[in-house]
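The values are calculated or read from the model by the stated rules, or taken from the named source; none is laboratory data. Computed from a prediction, not measured in an experiment: that's the story for all the values here. Please note: Cβ atoms are built from the backbone with ideal geometry, for glycine as well, and neighbour counts cover all protein chains shown. When the accessible area is computed, the model is the full protein with side chains, heavy atoms only, and any ligands, DNA or RNA have been set aside. Shrake-Rupley method; radii C 1.70, N 1.55, O 1.52, S 1.80 Å.
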There are 2 protein chains.
Amino acid sequence: MERIPILKMGRVLLVSIQVDMHDRLAMSLQDDLTARIVKDQARGVLIDISALDLVDSFIGRMLGNIAGMARILDAETVVVGMQPSVAITLVELGLSLPGIRTALNIERGMDLLRAGAEEAGTLPSVD
Amino acid sequence: MERIPILKMGRVLLVSIQVDMHDRLAMSLQDDLTARIVKDQARGVLIDISALDLVDSFIGRMLGNIAGMARILDAETVVVGMQPSVAITLVELGLSLPGIRTALNIERGMDLLRAGAEEAGTLPSVD
């Protein structure tokens, strides 16, 4: 199982990270996700990290890269489900996750994406 | 990472299985999921297996158990995202996944759950 599944819910893609990330897996996630944003015309990406006990600088950079790539493709990224201990460690390590928006859970993340879409005007119809 | 995260979307719980299941992990998933159905008053469970390259009798039984437990707790279970090759192998192995409803993807699974809830009448308000 060398790929992280990407789930589509309307115009939002959902990624749940459950395994230890390594270089190649992070690369393939970036490839898959950007390809899916284009294919599915997604407007938002939700990344659930509730299974992660630790977010180090590698994961932080990966999340930042994904958010940056998604932004260029006109999709907003929200990281959800961070464990309290992860937030503590991040601050203690001096990692501030620049460029990454967070929300408590999937539902709040969805609200955030929806609010962003409304601010930007009506979504263009593709039918 | 010895737990599979359970994501809540409205009255539906979403589980994405990405790692090799073993006895203890299956047990803890059953425990967590039934506890969450009660706590979140969930009416549906979506289990995404798009990351699985193989569904053997162990996984099949686990999915059946989860569906049975959820049903007793008044929640419908739908398995989504099965790879074509998995469907082929299941039939070749003579495994028919009794008691398990399937849908092509999350969105269709959601539709299925919604249709079931409507058939059963309006959802009781808990506010």
ask   = Rounded to the nearest 10 Å², what accessible area does residue B:58 show when all protein chains are kept and the probe is 1.4 Å?
value = 50
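Given Cβ point charges of +1 (Lys, Arg) and -1 (Asp, Glu) and nothing else, what value in debye, to the nearest 20, does the dipole of segment B:8-127 about its Cα centre take? Don't jump to the answer; show the numbers that get you there.
Values: 11 positive and 16 negative charges, 44 e Å.
With only Lys, Arg, Asp and Glu charged at Cβ, the dipole is about 220 debye.
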remark   = With the charge dipole of chain B built from beta-carbon charges (+1 for Lys and Arg, -1 for Asp and Glu) about the Cα centre, the Cα from B:112, B:35, B:87 projecting farthest to the positive end belongs to B:35
query = If you take the accessible area of B alone, add that of A alone, and subtract the area of the pair, what total do you get in Å², probe 1.4 Å, to the nearest 100?
reply = 1800
key: Distances in nm from residue B:115 to the matching label points in the other copies, shortest first (labels 7 Å along Cα to Cβ)   = 3.6
Where labels lie 7 Å past Cα in the beta-carbon direction, separation of residue B:8 and residue A:38 in nm = 3.8
message = Quick check for me: using +1 on Lys/Arg Cβ and -1 on Asp/Glu Cβ, what's the dipole size of the protein assembly as shown about its Cα centre, in debye to the nearest 20?
response = 260
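Please figure out what share of the DSSP beta bridges in chain B is antiparallel and state it in percent, rounded to the nearest 5.
Numbers: 4 of 17 bridges.
Here the share of antiparallel DSSP bridges comes out near 25 percent.
Please give the net charge around residue B:42, taking every other residue with its beta carbon less than 11 angstrom from that of residue B:42, where Lys and Arg add +1 and Asp and Glu add -1. Before the final figure, lay out each step's value.
On the way: positive: B:8, B:11, B:36, B:39, B:43; negative: B:40, B:74, B:76.
It works out to a net charge of +2.
Helix-only mean residue ellipticity at 222 nm, chain A, DSSP H runs n ≥ 4 weighted -39,500 (n - 2.57), per residue, nearest 500. What is it?
Numbers: 4 runs with 58 residues, N = 127.
Calculated at 222 nm, the ellipticity per residue is -15000 deg cm²/dmol.
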inquiry  = Defining the label point at 7 Å along Cα→Cβ, can you sort the distances from residue B:41 to the same site in each other copy, shortest first, in nm?
reply    = 3.7
message = Among A:64, A:94, A:81, which one shows the highest mean-square fluctuation when chain A is modelled as a Gaussian network with alpha-carbon springs under 10 Å?
response = A:94
key: Karplus-derived HN-Hα couplings along segment B:40-45 (A = 6.51, B = -1.76, C = 1.60, θ = phi - 60°), whole Hz, x at Gly and Pro   = 8, 6, 6, 10, x, 10
query = Tell me, what ³J(HN,Hα) does each residue in segment B:100-107 have, in order and in whole Hz, if you take phi through Karplus 6.51 cos²θ - 1.76 cosθ + 1.60 with θ = phi - 60° and put x for Gly and Pro?
reply = 10, 8, 10, 9, 5, 8, 3, 5
request  = Could you work out which residue, out of A:73, A:13, A:46, moves most in a Gaussian network model of chain A, that is, has the largest mean-square fluctuation with Cα springs under 10 Å?
outcome  = A:73
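Please state the relative contact order of chain A as a whole percent: Cα pairs under 8 Å, 6+ residues apart?
On the way: 171 pairs, mean separation 28.6, N = 127.
So the answer I get is 23 percent.
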inquiry  = Please list B:15, B:91 from largest to smallest accessible area, probe radius 1.4 Å, with all protein chains kept in place.
reply    = B:91, B:15
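Grab the other residues whose beta carbon is less than 10 angstrom from that of residue A:5, score K and R as +1, D and E as -1, and report the net.
Details: positive: A:3; negative: A:32, B:48.
Counting the neighbours of residue A:5, the net charge comes to -1.
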Cβ-vector label at 7 Å, residue A:85, separations to other copies in nm = 3.6
Accessible-area value, residue B:28, 1.4 Å probe, nucleic acids and ligands omitted, Å² = 20
query = So who's got an amide H within less than 5 Å of the one on residue A:77, skipping anything under 5 residues away but keeping other chains? H placed 1.01 Å off N, in plane.
reply = A:45
Under the Karplus curve 6.51 cos²θ - 1.76 cosθ + 1.60, θ = phi - 60°, whole-Hz ³J(HN,Hα) for segment B:79-88, x wherever Gly or Pro sits = 8, 10, x, 5, 6, x, 5, 5, 4, 4
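Count charges around residue B:79 for me, please; just the other residues with Cβ under 10 Å from its Cβ, Lys/Arg as +1, Asp/Glu as -1. Numbers along the way, then the final one.
Details: positive: B:101; negative: B:48.
Residues close to residue B:79 contribute a combined charge of 0.
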note = In the protein assembly as shown the DSSP beta bridges are antiparallel at a rate, in percent to nearest 5, of 25
